[in-house]
Amino acid sequence: MISKKEILRLTLFTAAAYTSIKLTTLGWNFMAPAFQGGKTVTRPERLKDTVTALAVTIGPRDLFNNNKARLRLSETYITGRLRAAGYKVEFQEYLSAGVKVRNIIAVKPGLSAPGEVIVIGAHYDTYNNPGADDNASGMAGVLELADYAAGNKFSKTVKFLAFVNEEPPFFREDGMGSAVYAKAAAAGKEDIKAALVLEMIGFFTEKRLSQRYPPFIGPFFPGRGNFIAQVSNISSRGLAARAGKAFRTASSLPLRTAVLPSFVPGADYSDHRSFWRAGYPAVMFTDTAFYRNANYHKYTDLPATLNYEYMAAFIDGMKAVVDDLAVKN
């Protein structure tokens, strides 16, 4: 029989262990400086207009909760934007929950190495909420980068993708849009050199202790949510290093790279997971979602909560990443 003293000792040990682990979910770098901002090449108001169009003019967009018509409207909007930039738009259609859904694809053919592909993608569906950050922000970034690429020439082919069905109940299932795409790409032996996934890129704050992390990660990262995170698995660390180096040549927005096993909570929480599983190098760029943004999957995820100046600084950096990976001519 366990004595009262032993029970008390066990209780105290458990409480101390829990508190210690909980403390590691906080950012320990309290001295991380505030982002100074500055003039950007990318225009913040363009990003805001796109986010507002998707999150407010269209609104919640998925296959459920009477949002199916809005999902179709978002397809039309994204397709129209890509065609206006001069792209021939392709669709990857498949049945999901008894409904035909679409991944939207725009291709910028490479000049000297067209068989080598750089994928830039984001999901356009939501979890029954406006989804300004999740993921109208990511989609705004993809469309801005597509506009940029349309006026330039690259050695490698660049594909811009809008993925359907990233949100539950499709997440981590075969009906996830990016899973359908990555599986087909692998089957067709598509030579994807890099997949860059934009997942929630608009929520930033200079408040101290505003950033949380999975357990044991916090001691290595800032406590202020004013940076963009690049998340990589072990096999994609080379891509992450190259992308990070290119990013920093064009943007002063803090970029923090985390190379993590996929089992770490949050490490594979978006479409980059599908590319990892298909054997392709991939990274996710994110504001860290629910580790920072309290509006995650809520009706308060609205355009007014985002910081478009920080977003513009991020896109400036991503243009340099595209230039480097696709080899701008």
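Bear in mind these aren't lab numbers, they're just calculated from the coordinates by the rules spelled out. All figures in this text were calculated on a predicted structure; none of them were measured in a lab. Positions of Cβ are generated from backbone atoms using ideal geometry, with glycine treated the same way; all protein chains shown enter the neighbour counts.
Hey, what did segment 176-329 get for relative contact order, percent, Cα under 8 Å, at least 6 apart? Don't jump to the answer; show the numbers that get you there.
On the way: 230 pairs, mean separation 55.1, N = 154.
Once normalised by length, the contact order is 36 percent.
Amide H of residue 154 versus every other amide H placed in the peptide plane: which residues, excluding those fewer than 5 positions away on the same chain, fall under 5 Å?
111, 329
How do 62, 191 rank when sorted from fewest to most other Cβ atoms within 10 Å of their own Cβ?
191, 62
Net charge within 15 Å of residue 35 by Cβ-Cβ distance, Lys/Arg positive one each and Asp/Glu negative one each, not counting residue 35 itself? Before the final figure, lay out each step's value.
On the way: positive: 39, 207, 208, 224, 248, 256, 292; negative: 206, 287, 309, 316.
Combined, the nearby Lys, Arg, Asp and Glu give +3.
What FRET efficiency do you get for residue 237 and residue 4 if R0 is 35 Å and r is their Cβ-Cβ distance, rounded to the nearest 0.05?
0.10
Step by step: find N for the chain, compute 2.2 N^0.38 Å, then divide the Cα radius of gyration by it. What's the final number?
Numbers: Rg = 20.4 Å, N = 329, 2.2 N^0.38 = 19.9 Å.
In units of the globular-protein estimate, the chain measures up at 1.02.
Among 174, 268, which comes first, second and so on when ranked by fewest other beta-carbon atoms within 10 Å? Provide the component values of the computation, followed by the final result.
Working: 174 10, 268 22.
Least to most surrounded, the residues fall as 174, 268.
Tell me, which longest segment in the chain has none of the GluC sites (Glu not before Pro) that fall in DSSP loops with at most 16 further Cβ atoms within 10 Å?
Values: sites that count: 173, 206.
Counting at most 16 other Cβ atoms within 10 Å as exposed, the longest clean stretch of the chain is 1-172.
Which value, in Å to one decimal place, does the Kirkwood hydrodynamic radius take for segment 79-208 when every pair of different Cα atoms is included?
15.4 Å
Using r as the Cβ-Cβ distance of residue 56 and residue 150, and R0 as 30 Å, what FRET efficiency do you calculate, to the nearest 0.05?
Numbers: r = 26 Å, r/R0 = 0.87.
Result of the calculation: an efficiency of 0.70.
Which percent, to the nearest 5, of DSSP beta bridges fully inside the chain are antiparallel? Write down the numbers at each step before the final one.
Details: 19 of 44 bridges.
Counting DSSP beta bridges with both partners in the chain, the antiparallel share is about 45 percent.
For residue 11 and residue 329, compute 0.36 nm times the residue count separating them, minus their Cα-Cα distance, and round to one decimal in nm.
Extra length available between residue 11 and residue 329 comes to 108.0 nm.
Find out how many positive minus negative residues lie around residue 251, taking Lys and Arg as positive, Asp and Glu as negative, among other residues whose Cβ is under 14 Å from that of residue 251. Let's see the in-between values first.
Numbers: positive: 39, 245, 248, 256, 319; negative: 144, 309, 316, 323, 324.
Computed value for this residue: 0.
What's the Cα-based Rg to Rh of segment 115-191, Rh via Kirkwood?
Working: Rg = 13.8 Å, Rh = 13.6 Å.
Rg divided by Rh gives 1.02.
Sequence gap at least 6, Cα distance under 8 Å: using those rules, report the relative contact order of segment 4-326 to the nearest whole percent.
Details: 671 pairs, mean separation 81.8, N = 323.
The normalised contact order for segment 4-326 reaches 25 percent.
Ignoring everything except DSSP H segments at least 4 long, calculate the 222 nm mean residue ellipticity for the chain; use -39,500 (n - 2.57) per segment, divide by total residues, nearest 500. Please report the intermediate quantities before stating the final value.
Working: 8 runs with 107 residues, N = 329.
Using -39500 (n - 2.57) per qualifying helix, the result is -10500 deg cm²/dmol.
What's the Kirkwood radius of segment 135-245 in Å, using all Cα pairs?
Numbers: mean 1/r = 0.0599 Å⁻¹.
For segment 135-245, the Kirkwood estimate is 16.7 Å.
Would you kindly state how much longer the chain becomes between residue 113 and residue 264 on full extension, computed as 0.36 nm times their sequence separation minus their alpha carbon distance, in nm to one decimal? Could you put the intermediate results ahead of the total?
Details: separation 151, 0.36 × 151 = 54.36 nm, distance 3.57 nm.
So the chain would gain 50.8 nm between residue 113 and residue 264.
Starting from segment 51-150, pick out the trypsin sites (Lys or Arg not before Pro) whose DSSP state is loop and whose Cβ has at most 11 other Cβ atoms within 10 Å.
On the way: sites: 61, 68, 70, 72, 81, 83, 88, 100, 102; in loops: 61, 88.
When the trypsin sites (Lys or Arg not before Pro) of segment 51-150 are filtered for loop state and at most 11 Cβ neighbours within 10 Å, 88 remain.
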